[in-house]
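To keep things clear, I will list the structure first and then write my remarks on it.
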Amino acid sequence: MLTPAETEARIGDLDLGRGRREDAQTKLEHALMVDPSLAGAEERPWVFAASNGAARGRRKKHFMRAAELDPKRPLAFYGQGMVAMSRGGSVGVPVGAVVAFEKTVALSPDFAPAWYNLSSIYALRKETLQKLWTPRNMPRH
C-alpha cells in the first residue's frame with residue numbers, strides 16, 4: 001500500500017508523462033513536503049527541466065539528493081551526468097559526467113541513453129576509446 005506522499009508522487013509522474021509539467025511539479029513538490037525521503041519525487045521533475053544556468057544548479061541539487069536518498073537509482077546518476085554534460089559547453093566533457101554515466105550503467109546495464117552518452121564521451125579521447133569495446137562494458141542479456 002502506498003503512503004499519501006507516494007500516491008501524490010505517482011500521480012505527479014502520470015502528469016509528467018502526459019506533458020502536464022506544472023501539475024506534475026506541484027504534486028511532486030507536495031509529495032516531498034509530506035515525505036522528504038522520496039528519491040523518485042526528488043529526481044523526476046528535473047529530468048525534463050530546462051538546462052539554463054539557474055535551473056542547472058537546482059537540477060544538480062535534486063539529483064544529488066535523490067542519489068543520497070537511494071544510491072541504487074540509476075536515474076539519479078543519469079541526471080547528474082546530464083547536468084555535468086550541460087556544463088561542459090565548448091570546454092569539453094567534465095569528469096563528473098563520465099563518473100555519473102558509469103555509475104548509471106553499473107546499476108542498470110540496459111539503460112541505453114546512459115550508454116549512448118558514455119560511448120560518445122569515450123570516443124572523444126584516444127585513452128578511453130578502447131573502453132567502448134571491452135567485455136566489461138557490454139550489456140549482458
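For this structure, a couple of remarks:
- Taking (1) touching a Phe, Trp or Tyr at 6+ places or on another chain (Cβ under 9 Å); (2) modelled with pLDDT of 90 or more; (3) not in a helix (DSSP H, G or I) in turn, Val105 satisfies each apart from (3).
- Within segment 113-136, residues that are among the β-branched types (Val, Ile, Thr) reach partners that are outside any helix (DSSP H, G or I) and modelled with pLDDT under 85 with beta carbons closer than 7 Å, at six or more positions or on different chains, in the pairs Ile121/Val93.
- So Ala67, is it hydrophobic (A, V, I, L, M, F, W, C) and at pLDDT below 90: no
- Residue count for segment 102-127, restricted to those that are under 12 Å from Arg73 (Cα atoms) and of a type outside the set (Ser, Thr, Tyr): 5
The values are calculated or read from the model by the stated rules, or taken from the named source; none is laboratory data. From a predicted model like this one, the values you see are computed outputs, not experimental measurements. Glycine gets a Cβ as well: all are built from the backbone with ideal geometry, and neighbour counts include every protein chain shown.
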